[in-house]
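J.: Take this structure first; my questions come after.
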Amino acid sequence: MADRYPYPGLGGHAPGESFELGAEIARHIAQVLRASPGQRIVLFDGSGREGDVSILRIDKRRLGVQLEELRDCPRQASCRLELAFSPPKGSRAETLVEQATALGCRAFQPLIYERTPKAQRWTKVPARLERVAWAVAGQCGLDRVPEFREPCTLGEYLRQAGQEGAGRRFLAEPQPETASAALGNPSEDALVIVGPEGDFTPSERESIHAAGCRSLDLGPFVLRIETAAIAAAARLLLPWPGR
């Protein structure tokens with residue numbers, strides 16, 4: 001696959017049009033790829049389109065290109081999966097976003113639980129996580145970049161999910177008290193709720209099940225937040241035999 005670079009404004013250009021890209025892409029292409037005028041690269045907008053562009057001129061601050069072809073790129077996972085999770089500490093949040101994006105996750109929802117530590121009670125999504133998602137999308141050939149929703153409480157999220165009428169709903173947990181649910185139609189939209197490090201309170205667990213979330217068994221061990229989220233995404237997005 002050709003080198004792919006993020007450019008959200010791609011859809012605003014027509015084939016044959018020339019335009020400039022910013023310093024970050026220019027530096028990478030000039031210093032890492034050692035590209036030269038005439039070479040082609042691929043830009044993608046994170047919304048399902050990509051385009052071939054030819055390099056017209058290049059230096060460390062600007063990259064002049066011409067759009068040769070614009071096309072839809074329908075490379076996506078089997079379903080639209082949303083992961084709702086309590087933010088893990090430090091770089092572990094980046095690991096969660098990096099790996100789940102590579103698997104094809106389409107949305108991330110940070111949740112605030114009763115037992116979420118104060119330091120992890122985000123008021124907004126760190127910008128670095130969006131940069132990680134864009135980088136992974138470029139490297140893995142994804143057609144879309146995941147949506148990052150604003151942090152909210154579990155109660156707010158369950159009310160919102162009820163209004164939106166999401167398809168399959170799961171609660172990721174080790175050795176669930178109830179039998180693990182069948183995964184259902186692999187093409188139907190799904191959301192997975194992952195709990196905090198201190199586990200759910202009894203009332204939280206009750207409200208999650210009352211909202212129609214079925215247990216998704218992640219095995220016999222207690223997993224870290226990011227590991228549980230990645231494992232759940234793999235179960236729902238990868239083509240396992242007999243699923």
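Every number in this text was worked out from the coordinates using simple rules, so none of it is lab data. Model, not experiment: these values are computed from the prediction. Cβ: placed from backbone, ideal geometry, glycine included. Neighbour counts: every protein chain shown.
J.: To the nearest 0.05, how large is the calculated FRET efficiency for Lys60 and Glu147 if R₀ is 30 Å and r is the Cβ-Cβ distance?
T.: Working: r = 33 Å, r/R0 = 1.09.
The pair Lys60/Glu147 has a calculated efficiency of 0.35.
J.: So how far apart, in nm, are the two label points at Gln160 and Asp217 if each is 7 Å from Cα heading toward Cβ?
T.: The two pseudo-label positions are separated by 3.2 nm.
J.: Sequence-distant or interchain residues sharing an amide H contact under 5 Å with Phe85, placed H: which?
T.: Residues meeting the criterion, in which the H sits 1.01 Å from N, are Gln109, Leu111, Val194.
J.: Using only Cα positions of the chain, each an equal point scatterer, no hydration layer, compute I(q)/I(0) via Debye at q = 0.08, 0.14, 0.17 Å⁻¹ and quote the log10 values to two decimals.
T.: These q points yield log10 I(q)/I(0) values of -0.36, -0.90, -1.16.
J.: Follow-up question, since we're still on this one. By how many degrees, between 0 and 90 and to the nearest 10, does the Cα long axis of helix 92-103 differ from the longest principal axis of the chain?
T.: Rounded to the nearest ten degrees, it is 70.
J.: Straight-line reach from Lys60: which aspartates and glutamates fall under 15 Å, measuring Cα to Cα and dropping same-chain residues less than 8 apart?
T.: Lys60 reaches Glu20, Glu24.
J.: Would you mind computing, in nm to one decimal, how far apart the modelled labels at Arg34 and Ala135 are, each placed 7 Å from Cα along Cα→Cβ?
T.: For the pair Arg34/Ala135, the computed spacing is 2.3 nm.
J.: If you place +1 on the Cβ of every Lys and Arg and -1 on the Cβ of every Asp and Glu, how big does the dipole about the Cα centre of the range 81-237 come out, in debye to the nearest 20? Each step should come with its number before you reach the end.
T.: Details: 18 positive and 20 negative charges, 68 e Å.
It works out to roughly 320 debye.
J.: Only helical DSSP H runs with n ≥ 4 go in: add -39500 (n - 2.57) per run for the chain, normalise by residue count and round the 222 nm mean residue ellipticity to 500 deg cm²/dmol. Please list the in-between numbers first.
T.: Details: 6 runs with 64 residues, N = 243.
Value at 222 nm, helices only, nearest 500: -8000 deg cm²/dmol.
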